[in-house]
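The values are calculated or read from the model by the stated rules, or taken from the named source; none is laboratory data. For clarity, every value in this text was computed on a predicted model and none was experimentally measured. Note that we place each Cβ from the backbone using ideal geometry, even for glycine, and neighbour counts take in every protein chain shown. The accessibility values were calculated without ligands, DNA or RNA, using every heavy atom of the protein model including side chains. Shrake-Rupley method; radii C 1.70, N 1.55, O 1.52, S 1.80 Å.
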Amino acid sequence: MGCYYKDKLVRESALTVYQQSFSEERDINFSEQLQIVENINTVPDILDEIAISKWLIIRERVALHPNTSIDTLTKLAEDKARHVQFAVAQNPNTPNEILEKLADRHKWNTNIHTVAVKNLISRGSKRASKFIGQYIKDSPFSLSRLFALLHPLAPTHLLIKNYRSSYWLERYAIAQNPSTPDYILEFLTKDANRIVRAAAKANMLKDG
């Protein structure tokens, strides 16, 4: 939340500087472009044209716009400015393969990686599976790891690998996961923790 707020302040500050600077120079081109990207009804062809704007804030707004074409989003994903890449990662229309590329390009604990993976997960994309697996493998016991173990896209081999976890909450997450194999659920119905046992039994009944 703090990072988002900080990024928001940076963008607003940049906009103020831009407006003051170009107002003094009487450069109406920036103002026109800003009006275009702030218009929710701007058509894709026009957005495509200004996606090559020299002003970062314009390219960022194009990357966020709901009408931006897939071709332009793909190009903006290669923009040198991280703010533009971050905007592409947020756009619900960005293709899954581009989100995967952005997530691969950046470290797993950075904003761009996190937003790209969240976008993939929210779509139920199978491409999110390897990143969920990465959270399971690379994270110590944490809320993020628990969510990963609970998610239906969690790789099956990692559910099998961790069903004997010393943390009952992790076993509980695996017991609830619809992707957990039946023979693992059967084992968890005999778990030392009654909550884990109950979750495993309830999961098996769903299949029945």
Query raised in the report: Which of (1) under 17 Å from Ile121 (Cβ atoms); (2) open to solvent by less than 70 Å² (accessible area, probe 1.4 Å) is the odd one out, the single condition Pro178 does not satisfy?
Result: (2)
Report task. Would you kindly identify the helices (runs of 4 or more DSSP H) lying entirely within region 110-208 that contain at least 2 residues that are of a type in the set (Asp, Glu) and over 17 Å from the mean Cα position of the chain (by Cα)? Result -> 182-188
Requested in this report: Kindly check whether there is at least one residue in region 154-164 that is more than 29 Å from Asp104 (Cα to Cα), of a type outside the set (A, V, I, L, M, F, W, C) and open to solvent by 20 Å² or more (accessible area, probe 1.4 Å).
Outcome: yes
Query - Checklist (1) open to solvent by less than 20 Å² (accessible area, probe 1.4 Å); (2) farther than 21 Å from Ala173 by Cα; (3) part of a helix (DSSP H, G or I) applied to Thr94, failing item - result: (3)
Query raised in the report: Only one of these conditions is not met by Phe147: (1) open to solvent by 50 Å² or more (accessible area, probe 1.4 Å); (2) within 22 Å of Leu205 (Cβ to Cβ). Which number is it?
Result: (2)
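This table checks each residue for (1) in contact with a strand residue (DSSP E or B) (Cβ under 8 Å, 6 or more places away or on another chain); (2) part of a loop (DSSP other than H, G, I, E, B); (3) open to solvent by 30 Å² or more (accessible area, probe 1.4 Å).
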site	(1), (2), (3)
Leu47	no, no, no
Ile52	no, yes, yes
Ala63	no, no, no
Leu73	no, no, no
Lys80	no, yes, yes
His83	no, no, yes
Phe86	no, no, no
